[in-house]
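Each remark here refers to the structure printed beneath this line.
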Amino acid sequence: MSDLNQKLSDIKVVPVIAIQDASKAVKLAQVLMDNGLPCAEITFRTSAAIESIQRIREAFPDMLIAAGTVLTTAQVDDAIQAGADVIVSPGFNPTTVKYCQQRHITIIPGVNNPSLVEQAMEMGLNTLKFFPAEASGGVDMLKALSAVYPVTFMPTGGIKPSNVKSYLTLPNVIACGGTWMIPNDLIENEQWDELAKLVKEVANIIA
Ligand code: 3PG
(Lines give C-alpha, C1' and ligand atoms only; values in the text may rest on other atoms or scores of the structure.)
Protein backbone atom coordinates (compact mmCIF):
# COMPACT_ATOMS: atom_id res chain seq x y z
CA MET A 1 0.00 0.00 0.00
CA SER A 2 1.30 3.49 -0.82
CA ASP A 3 2.06 5.90 2.02
CA LEU A 4 -0.90 8.02 1.00
CA ASN A 5 -3.30 5.06 1.00
CA GLN A 6 -1.97 3.98 4.37
CA LYS A 7 -2.65 7.46 5.76
CA LEU A 8 -6.15 7.54 4.27
CA SER A 9 -7.00 4.14 5.64
CA ASP A 10 -5.73 5.16 9.09
CA ILE A 11 -7.72 8.42 9.03
CA LYS A 12 -10.88 6.72 7.63
CA VAL A 13 -12.95 9.90 7.18
CA VAL A 14 -11.89 12.91 5.12
CA PRO A 15 -13.73 16.14 5.92
CA VAL A 16 -14.70 17.91 2.67
CA ILE A 17 -14.63 21.66 3.19
CA ALA A 18 -15.78 24.64 1.09
CA ILE A 19 -14.21 27.38 3.17
CA GLN A 20 -15.29 30.95 2.43
CA ASP A 21 -12.73 32.83 4.49
CA ALA A 22 -9.07 31.82 4.49
CA SER A 23 -8.44 33.63 7.76
CA LYS A 24 -10.46 30.88 9.48
CA ALA A 25 -8.58 27.98 7.88
CA VAL A 26 -5.92 27.46 10.54
CA LYS A 27 -8.39 27.48 13.42
CA LEU A 28 -10.56 24.99 11.53
CA ALA A 29 -7.56 22.75 10.90
CA GLN A 30 -6.67 22.99 14.58
CA VAL A 31 -10.15 21.72 15.52
CA LEU A 32 -9.75 18.80 13.10
CA MET A 33 -6.27 17.94 14.39
CA ASP A 34 -7.27 18.19 18.05
CA ASN A 35 -10.36 16.04 17.70
CA GLY A 36 -9.17 13.04 15.76
CA LEU A 37 -9.40 13.93 12.04
CA PRO A 38 -5.90 15.06 10.97
CA CYS A 39 -6.92 15.63 7.38
CA ALA A 40 -8.83 18.12 5.22
CA GLU A 41 -10.05 18.18 1.65
CA ILE A 42 -10.17 21.88 0.81
CA THR A 43 -12.35 22.27 -2.25
CA PHE A 44 -11.73 24.67 -5.11
CA ARG A 45 -15.41 25.61 -4.97
CA THR A 46 -14.48 28.84 -3.25
CA SER A 47 -11.89 31.48 -4.03
CA ALA A 48 -10.46 31.01 -0.53
CA ALA A 49 -9.18 27.50 -1.34
CA ILE A 50 -5.61 28.32 -2.39
CA GLU A 51 -4.86 30.62 0.52
CA SER A 52 -6.55 28.22 2.95
CA ILE A 53 -4.33 25.34 1.80
CA GLN A 54 -1.25 27.58 2.08
CA ARG A 55 -2.11 28.66 5.61
CA ILE A 56 -2.94 25.15 6.83
CA ARG A 57 0.23 23.73 5.26
CA GLU A 58 2.33 26.37 7.01
CA ALA A 59 0.66 25.80 10.39
CA PHE A 60 0.52 21.98 10.20
CA PRO A 61 3.31 20.62 8.00
CA ASP A 62 2.27 17.01 8.67
CA MET A 63 -1.46 17.32 8.13
CA LEU A 64 -2.84 15.42 5.13
CA ILE A 65 -4.25 18.08 2.81
CA ALA A 66 -6.23 17.22 -0.28
CA ALA A 67 -7.23 19.79 -2.87
CA GLY A 68 -10.81 18.93 -3.80
CA THR A 69 -13.15 19.70 -6.70
CA VAL A 70 -10.09 20.24 -8.93
CA LEU A 71 -11.39 20.63 -12.48
CA THR A 72 -8.49 22.13 -14.47
CA THR A 73 -4.75 21.83 -14.91
CA ALA A 74 -4.37 25.42 -13.67
CA GLN A 75 -6.00 24.38 -10.41
CA VAL A 76 -3.59 21.44 -10.19
CA ASP A 77 -0.71 23.95 -10.42
CA ASP A 78 -2.31 26.16 -7.76
CA ALA A 79 -2.90 23.21 -5.45
CA ILE A 80 0.68 21.97 -5.75
CA GLN A 81 2.06 25.46 -5.23
CA ALA A 82 -0.11 25.91 -2.13
CA GLY A 83 1.16 22.64 -0.63
CA ALA A 84 -1.56 20.05 -1.23
CA ASP A 85 -0.56 16.39 -0.83
CA VAL A 86 -3.15 14.97 -3.22
CA ILE A 87 -5.63 16.11 -5.84
CA VAL A 88 -9.26 15.00 -5.77
CA SER A 89 -11.77 15.59 -8.57
CA PRO A 90 -15.50 14.83 -8.71
CA GLY A 91 -15.30 13.25 -12.17
CA PHE A 92 -12.82 11.40 -14.36
CA ASN A 93 -11.07 13.89 -16.62
CA PRO A 94 -8.15 12.29 -18.53
CA THR A 95 -6.54 15.71 -19.12
CA THR A 96 -6.37 16.46 -15.42
CA VAL A 97 -5.26 12.92 -14.60
CA LYS A 98 -2.45 13.03 -17.18
CA TYR A 99 -1.32 16.41 -15.92
CA CYS A 100 -1.17 15.21 -12.31
CA GLN A 101 0.90 12.24 -13.45
CA GLN A 102 3.30 14.57 -15.28
CA ARG A 103 3.60 16.71 -12.18
CA HIS A 104 4.05 13.66 -9.94
CA ILE A 105 1.15 14.31 -7.63
CA THR A 106 -1.43 11.65 -6.83
CA ILE A 107 -4.93 12.25 -8.15
CA ILE A 108 -8.05 10.50 -6.88
CA PRO A 109 -10.63 11.15 -9.59
CA GLY A 110 -14.33 10.49 -9.25
CA VAL A 111 -16.00 7.53 -10.97
CA ASN A 112 -19.38 5.91 -10.50
CA ASN A 113 -19.63 3.08 -13.03
CA PRO A 114 -17.62 0.19 -14.51
CA SER A 115 -16.62 2.03 -17.71
CA LEU A 116 -15.06 4.89 -15.78
CA VAL A 117 -13.27 2.46 -13.44
CA GLU A 118 -11.73 0.78 -16.49
CA GLN A 119 -10.66 4.09 -18.03
CA ALA A 120 -9.02 5.06 -14.76
CA MET A 121 -7.30 1.67 -14.47
CA GLU A 122 -6.00 2.07 -18.01
CA MET A 123 -4.27 5.24 -16.85
CA GLY A 124 -2.59 3.35 -14.03
CA LEU A 125 -4.88 4.45 -11.21
CA ASN A 126 -6.05 2.09 -8.51
CA THR A 127 -7.50 4.43 -5.89
CA LEU A 128 -10.64 6.24 -7.01
CA LYS A 129 -13.27 8.48 -5.53
CA PHE A 130 -16.76 6.95 -5.78
CA PHE A 131 -18.97 9.97 -6.36
CA PRO A 132 -21.80 10.73 -5.79
CA ALA A 133 -21.83 7.63 -3.62
CA GLU A 134 -25.39 7.34 -2.36
CA ALA A 135 -26.97 8.55 -5.60
CA SER A 136 -24.85 6.06 -7.58
CA GLY A 137 -25.97 2.93 -5.80
CA GLY A 138 -24.03 3.24 -2.55
CA VAL A 139 -22.78 0.16 -0.78
CA ASP A 140 -24.46 -2.25 -3.23
CA MET A 141 -22.75 -0.65 -6.21
CA LEU A 142 -19.37 -0.77 -4.45
CA LYS A 143 -19.88 -4.46 -3.65
CA ALA A 144 -20.65 -5.14 -7.31
CA LEU A 145 -17.58 -3.20 -8.48
CA SER A 146 -15.30 -4.89 -5.97
CA ALA A 147 -16.30 -8.29 -7.32
CA VAL A 148 -14.72 -7.29 -10.63
CA TYR A 149 -12.02 -4.65 -10.18
CA PRO A 150 -8.83 -4.65 -8.07
CA VAL A 151 -9.17 -1.01 -7.05
CA THR A 152 -9.93 0.78 -3.82
CA PHE A 153 -12.48 3.55 -3.41
CA MET A 154 -13.01 6.70 -1.40
CA PRO A 155 -16.81 7.10 -1.47
CA THR A 156 -18.20 10.61 -1.03
CA GLY A 157 -21.61 12.16 -1.52
CA GLY A 158 -24.52 11.46 0.81
CA ILE A 159 -22.37 9.85 3.49
CA LYS A 160 -23.36 10.63 7.05
CA PRO A 161 -23.07 9.22 10.58
CA SER A 162 -25.85 6.69 9.95
CA ASN A 163 -24.24 5.06 6.89
CA VAL A 164 -20.50 5.74 7.15
CA LYS A 165 -19.78 2.45 8.90
CA SER A 166 -21.53 0.40 6.23
CA TYR A 167 -19.08 1.87 3.70
CA LEU A 168 -15.99 1.54 5.86
CA THR A 169 -16.59 -2.15 6.47
CA LEU A 170 -16.26 -2.90 2.73
CA PRO A 171 -12.80 -4.28 1.95
CA ASN A 172 -12.43 -2.08 -1.14
CA VAL A 173 -13.15 1.17 0.73
CA ILE A 174 -10.07 2.97 1.94
CA ALA A 175 -11.78 6.01 3.51
CA CYS A 176 -14.98 8.02 3.16
CA GLY A 177 -15.34 11.71 2.44
CA GLY A 178 -18.09 14.01 3.59
CA THR A 179 -19.18 17.50 4.51
CA TRP A 180 -21.59 16.63 7.30
CA MET A 181 -19.17 17.30 10.18
CA ILE A 182 -18.14 20.74 8.89
CA PRO A 183 -21.28 22.86 8.42
CA ASN A 184 -20.32 26.14 6.81
CA ASP A 185 -22.32 28.27 9.22
CA LEU A 186 -20.30 26.93 12.15
CA ILE A 187 -17.09 28.01 10.41
CA GLU A 188 -18.50 31.40 9.45
CA ASN A 189 -19.73 32.07 13.00
CA GLU A 190 -16.52 30.64 14.46
CA GLN A 191 -18.42 28.14 16.60
CA TRP A 192 -15.32 26.08 17.19
CA ASP A 193 -16.66 24.16 20.21
CA GLU A 194 -19.71 23.04 18.22
CA LEU A 195 -17.46 21.97 15.37
CA ALA A 196 -15.20 20.12 17.75
CA LYS A 197 -18.22 18.16 19.01
CA LEU A 198 -19.21 17.10 15.48
CA VAL A 199 -15.65 16.11 14.61
CA LYS A 200 -15.31 14.15 17.86
CA GLU A 201 -18.56 12.32 17.08
CA VAL A 202 -17.03 11.13 13.80
CA ALA A 203 -13.87 10.06 15.55
CA ASN A 204 -16.00 8.05 17.99
CA ILE A 205 -18.04 6.40 15.24
CA ILE A 206 -14.94 5.20 13.44
CA ALA A 207 -12.91 4.31 16.55
C1 3PG B 1 -17.74 16.20 -2.37
O2 3PG B 1 -17.28 17.17 -2.93
O3 3PG B 1 -17.07 15.18 -2.23
C4 3PG B 1 -19.19 16.23 -1.93
O5 3PG B 1 -19.74 17.50 -2.00
C6 3PG B 1 -19.41 15.71 -0.57
O7 3PG B 1 -20.72 15.27 -0.51
P8 3PG B 1 -21.60 15.45 0.79
O9 3PG B 1 -21.86 16.94 0.94
O10 3PG B 1 -22.89 14.71 0.51
O11 3PG B 1 -20.86 14.91 1.97
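The values are calculated or read from the model by the stated rules, or taken from the named source; none is laboratory data. Just so you know, these numbers come straight off a predicted model, no measurement behind them. Counting neighbours? That spans all protein chains shown, and the Cβs are built from the backbone with ideal geometry, glycine included. All accessible areas refer to the heavy atoms of the entire protein, side chains included, with ligands and DNA or RNA removed. Shrake-Rupley method; radii C 1.70, N 1.55, O 1.52, S 1.80 Å.
For the range 135-207, what does the alpha-carbon gyration tensor say about shape, rounded, prolate or oblate, given a ≥ b ≥ c as the root eigenvalues, a/c under 1.5 as rounded, and a/b over b/c as prolate?
prolate
Would you tally the net charge around VAL164, using a Cβ to Cβ cut-off of less than 14 Å, leaving VAL164 out, and scoring K and R as +1, D and E as -1? Around VAL164, the charge tally is +1.
Considering only ALA196, THR73, MET141, and ranking their Cα positions along the charge dipole of the range 3-198 that arises from unit charges at the beta-carbon of Lys, Arg, Asp and Glu, the one farthest toward the positive end is MET141.
Got a number for carbon plus sulfur as a percent of the chain's accessible area, 1.4 Å probe?
Ligands and nucleic acids excluded, carbon and sulfur give 49 percent.
For the chain, the membrane-span-like helix rule (DSSP H, alpha carbon extent of at least 18 Å along the helix axis, mean Kyte-Doolittle at least 0.0) picks out 192-206; this says nothing about an actual membrane. Remark: the ASP34-THR72 segment gains 10.4 nm on full extension, using 0.36 nm per residue and subtracting the alpha carbon distance.
In straight-distance terms, cross-link reach from LYS7 covers every one of the aspartates and glutamates whose alpha-carbon lies under 16 Å from its own, apart from those fewer than eight places away in the same chain; here that gives GLU41, ASP62, ASP85. Summing +1 for each Lys or Arg and -1 for each Asp or Glu among the other residues whose beta-carbon sits under 11 angstrom from that of ILE17 gives +1. Kirkwood analysis of the Cα pair distances in the range 10-59 returns a hydrodynamic radius of 10.8 Å. Apply the Debye scattering formula to the range 3-198, with a single equal point scatterer on each alpha-carbon and no solvent, then give log10 I(q)/I(0) at q = 0.08, 0.14, 0.17 Å⁻¹. One equal scatterer on each Cα of the range 3-198 leads to -0.24, -0.74, -1.10. If you bin all the Cα-Cα distances of the range 7-93 at 10 Å, starting from zero, the percentages per bin are 19, 56, 23, 1.
Between ASP62 and LYS143, full extension at 0.36 nm per residue minus the direct alpha carbon distance yields a gain of 25.8 nm. Counting only Cβ charges, +1 for Lys and Arg and -1 for Asp and Glu, the dipole size of the chain around its Cα centre is about 360 debye.
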